[in-house]
Amino acid sequence: MVPGVAYFLVFHYGAFVGNVVAFKEYDPFAGLWGSPWVGFGNFSRMFGDPDFWHATWNTLYIAVLQLVFYFPVPLAIALLLHSLTSDLLRRFVQSVVYLPHFLSWVIVVALFQQVLSDTGLLNSFLGDSGLHTVDIIGNPDAYRPLVVAEVIWKDAGWGTIIFLAALMQVDEQQYEAAAIDGAGPWRRFWHVTLPSIRPIVVLLLIMRLGDILSVGFEQMLLQRPSVGPEVGEVLDTFVYWQGIIGGDIGYATAAGLFKGLVGALLVFVANRIAHQLGEQGVYK
């Protein structure tokens, strides 16, 4: 466990010290402790910045879409895989749906652009067929559904692993008893499968809520030029442009710290609600 513990201590807990930059007008030449202290000045400027709230709104919009449309997909795929009787077919399907997870976002975005851009395969086919062409990649109205579809294509298969492990723990005798009592597939799912895997579903949902403001930095940064910051700017890219490109590191750190505090608060609230509903949650 030592390498894993050391990683988290150095790069996660040790990095907490760097959050002090959010309360300073950071100067790289003066250093972390030599930079002048500004208190909550960066936060006051951030809360009064319309660009920050616009990025926050875009982030929440995409996060809710991902939560509603992406989160159920791994569970549905896991249920389908669990229902397959052929081990060979199950392993083949698992390999196919796992594969996109190992592709970088650069490759995934490039694939979607080659297919859905104004000069992509789809429009080439539509043009050759005499039909109306559509530029999905450069269409701001289609941007948010597009990025959600990309996440589903890339990571839904990988997300089935935990659900499959939970499904494997369900007692088969419960299915047999329910079938003898006349329960069909839907009732067996509702009264046997779902209650058995509900703690895992609640756990993953709480963890997803804690990370809800992180909607994919690389994915958004690569596609932001196609639609512009009005639609493509999220908190992660906002921090990048303000801190790395603009050099306003204290301001960018304040935005990043705000995102982390909101995520921690959501985990705490969701965990308390889970306890009140009788679930174990993330912690007691």
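The values are calculated or read from the model by the stated rules, or taken from the named source; none is laboratory data. Just so we're clear, the structure is a prediction, and the values are computed from it rather than from any experiment. Cβ sites come from the backbone with ideal geometry, for glycine too, and all protein chains shown count toward neighbours. These area figures cover heavy atoms from the full protein model, side chains too; ligands, DNA and RNA do not enter into them. Shrake-Rupley method; radii C 1.70, N 1.55, O 1.52, S 1.80 Å.
Within the stretch 13-56, being surrounded by fewer than 12 Cβ atoms within 10 Å (Cβ to Cβ), aromatic (Phe, Trp, Tyr) and part of a helix (DSSP H, G or I) holds for TYR13, PHE16, TRP33. The residues in the stretch 65-88 that are open to solvent by 80 Å² or more (accessible area, probe 1.4 Å), of a type in the set (Val, Ile, Thr) and within 17 Å of ASP155 (Cβ to Cβ) can be counted, and the count is 1.
Modelled with pLDDT of 85 or more, in a helix (DSSP H, G or I) and either in contact with a Gly (Cβ under 8 Å, 6 or more places away or on another chain) or at negative phi (or both) - does that describe any residue in the stretch 128-139? The answer is no; no qualifying residue exists. Taking the criterion of being under 13 Å from THR160 (Cβ atoms) and either open to solvent by 40 Å² or more (accessible area, probe 1.4 Å) or at pLDDT below 90 (or both), the only residue of the stretch 100-114 that qualifies is HIS101. Does TYR61 count as buried (at least 17 other Cβ atoms within 10 Å of the Cβ), of a type outside the set (A, V, I, L, M) and closer than 24 Å to GLU233 by Cβ? No. Of everything in the stretch 182-238 that is assigned to a loop (DSSP other than H, G, I, E, B), touching a residue at least 12 places away in the same chain (Cβ under 8 Å) and of a type in the set (A, V, I, L, M, F, W, C), the residue that is nearest to LYS154 (Cα to Cα) is VAL215.
Within the stretch 135-175, the residues that satisfy the criterion of being open to solvent by less than 20 Å² (accessible area, probe 1.4 Å) and of a type in the set (D, E, K, R) are GLU150, LYS154. The numbered conditions (1) open to solvent by 40 Å² or more (accessible area, probe 1.4 Å); (2) modelled with pLDDT under 90; (3) not aliphatic (A, V, I, L, M) are all true for TRP241 except (2).
Filtered by the rule that a residue be open to solvent by 80 Å² or more (accessible area, probe 1.4 Å) and either of a type in the set (A, V, I, L, M) or within 22 Å of GLU218 (Cα to Cα) (or both), the stretch 119-132 gives LEU121, LEU131.
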